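What follows is a short report on a single structure.
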Amino acid sequence: MTSRDWPQWLLVIAAVIALSAASLAAQAPQPTPTPAPQAEATAAKLQGTQHLLRLIELQKLQIEEQAKLLEAQQEQLEAMKQLLDALSRRLQELESKAGEVTPQELEERLARIETSVTKPPELPPDVVSAGDFPGSFRIPGSDAGMKISGIVWTSLIQTFDALGSDDRFLTYSIPTAGTPEAGKGKRLSLWAGASRFNFDVRTPTALGQMRAFIEGDFGGQAGAFRLRHAYGQYRSFIIGQTWSTFSDPDADHADVDFEGVNAENVQRQAQVRHTRTLRDGLKLAVAVEYPTASITGGKAVNQVPDLIGRLVWQLPRDGHLQTAAVFRQVRGELDGRPNVVESVPAWGLSASGVVPVPRWYEKDRLIFQVNGGRGVARYINDLNSAGGQDAIFTADGNLRTLQAWGYYVDYEHVWGEQHWFGLPLNDLRSSLIWGRVTVRNLQEQPGNAYHKTDRLSLNLVWSPVPRVDLGTEILWGRRENKDGSSGTARQFQLRARFLF
């Protein structure tokens, strides 16, 4: 090749290189751009999936709420079914007895229902009623029913002679002649401490109806609030504080005085009681109850509960007869000898009742009660208030029980249709009540020891409208000591009661 041909070869070589570079460039892979509409579709799909997940979560919560609601409705339906079954059984029972009820008996039953509505609840029933009960309301947010009841009680009391109390007639507190207390003069009292209120709650459960009842008043020392009743009830079982099984609150004399008759048995105490129907019109109750004793010269050290049993026979026209027995241990510690304990057995008997006497007058009643035994003075009203009458510690340190008896009789007369200055006196009634308490004194007792009290009262009570009664009463009492010394007292009372 000549020097003249060199530029031409350079041009050929440059052209070959250029063509090779172009070919390589054409064969290299190029990136493919993503179209804009496809990216927007992908984002939309993601948003839709999240929305569906939120909807599924909301549906799950709604399903859980519906399940809870269905469960609550099922429980309500079950309770309604139990109520309907009970009502159906009761309806069948009433239909089966419908032909046996005379118009007179029907009228008497309606009168009893009206009386039970206006009378404050005292004695717990043997079986708790199912469902709602008269005067109750449903507690919001629960299936329990509650009834609130009570009495507003105001008394004006004029005491004419020496007496240990100004607001009630305490027979045991009458001072005997010759003592400093016998010179106490006349005085007047106006008080409302006997007012009370109570709560009655009944609740359906898987085991049946349960009941709770609590009541208190302001009749304690210096008007202090005190507990009267506090018990729970399931069917025929009662646990808590209420009238003793040895008592008979259905022997409900219409005495105006808040203290009541000296000889009556109206003890309230803690207990466990079971009641059973032996046959139509006959019931048996057994109980273990609070065992304390009131001892002169010592204090009680309780160990064995009081064991009590009673029988109740129902009579026509709301009458009844009751017998009861109590067996107990009186156990105490002598004053001045700590930890030296003596105990003696004790027992008591009681008979009481309400006997209609329509032969004398259609609505008249005879009410009575006899209580007594050894070491059971705390079950007799006046002796329980006096204290120290169950037993005494003698000078040689021996514990001896006292024998005591109390009894009263009450004739209750309904005056019938009467009018006075244009006012209807169709619910006007009177009671004449006499009671006596006697203690068989021991030789070791001092001369001023309680031996006997008598109490006589006559009243007139009028209920101008239901749930209101106005009463007036005159009272006379006498106390006699072991040595024969005695004293008397008189009192006059006016009472107004409003039941709610």
**Item:** Set Arg331, Arg276: member being closer than 17 Å to Ala391 by Cβ, basic (Lys, Arg) and in contact (Cβ under 8 Å) with a residue 24 or more places away in the chain
**Value:** Arg331
**Request:** Please tell me if Asp250 is in contact with a strand residue (DSSP E or B) (Cβ under 8 Å, 6 or more places away or on another chain), of a type in the set (Asp, Glu), under 30 Å from Leu190 (Cβ atoms) and in contact (Cβ under 8 Å) with a residue 60 or more places away in the chain.
**Result:** no
**Complete:** When (1) free of Cβ contacts under 8 Å to residues at least 60 places away in the same chain; (2) assigned to a loop (DSSP other than H, G, I, E, B) are applied to Asn265, the one that fails is (1)
**Item:** Unmet criterion (only one of (1) more than 25 Å from the chain's Cα centre (by Cα); (2) within 30 Å of Gly397 (Cα to Cα); (3) surrounded by fewer than 21 Cβ atoms within 10 Å (Cβ to Cβ); (4) not polar (S, T, N, Q)) for Val288
**Value:** (1)
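Regarding Ala287, is this residue touching a strand residue (DSSP E or B) at 6+ places or on another chain (Cβ under 7 Å) and within 30 Å of Tyr234 (Cβ to Cβ)?
On the way: touching a strand residue (DSSP E or B) at 6+ places or on another chain (Cβ under 7 Å): yes; within 30 Å of Tyr234 (Cβ to Cβ): yes.
Answer is yes for this residue.
In segment 218-245, which residues are in contact with a Lys or Arg (Cβ under 9 Å, 6 or more places away or on another chain) and closer than 30 Å to Asp166 by Cα? Reasoning before the result, please.
Kept after step one, since they are in contact with a Lys or Arg (Cβ under 9 Å, 6 or more places away or on another chain), are these residues of segment 218-245: 218-220, 227-229, 231-234, 236-239, 241-245.
The answer is Phe218, Gly219, Gly220, Leu227, Arg228, His229, Gln241, Thr242, Trp243, Ser244.
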**Request:** Could you look through segment 427-481, keep only residues that are within 22 Å of Phe492 (Cα to Cα) and of a type in the set (Ser, Thr, Tyr), and pick out the one that is modelled with the lowest pLDDT?
**Result:** Ser463
**Item:** Residues (under 20 Å from Arg400 (Cβ atoms) and in contact (Cβ under 8 Å) with a residue 24 or more places away in the chain) located in segment 311-328
**Value:** Val326, Arg328
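Take Leu321 and tell me if it is at pLDDT 95 or above, in a strand (DSSP E or B), surrounded by 15 or more Cβ atoms within 10 Å (Cβ to Cβ) and out of contact with any Asp or Glu (no Cβ under 6 Å at 6 or more places or on another chain).
Values: at pLDDT 95 or above: yes; in a strand (DSSP E or B): yes; surrounded by 15 or more Cβ atoms within 10 Å (Cβ to Cβ): yes; out of contact with any Asp or Glu (no Cβ under 6 Å at 6 or more places or on another chain): yes.
Spelling it out, Leu321 is indeed at pLDDT 95 or above, in a strand (DSSP E or B), surrounded by 15 or more Cβ atoms within 10 Å (Cβ to Cβ) and out of contact with any Asp or Glu (no Cβ under 6 Å at 6 or more places or on another chain).
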**Fill in**
Selection over segment 290-316 where residues are assigned to a strand (DSSP E or B) and either touching a Lys or Arg at 6+ places or on another chain (Cβ under 6 Å) or under 20 Å from Arg235 (Cβ atoms) (or both) yields a count of 7
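The values are calculated or read from the model by the stated rules, or taken from the named source; none is laboratory data. Keep in mind it's a predicted model, so treat the numbers as computed, not measured. Ideal geometry is used to build each Cβ from the backbone, glycine not excepted, and the neighbour counts take in all protein chains shown.
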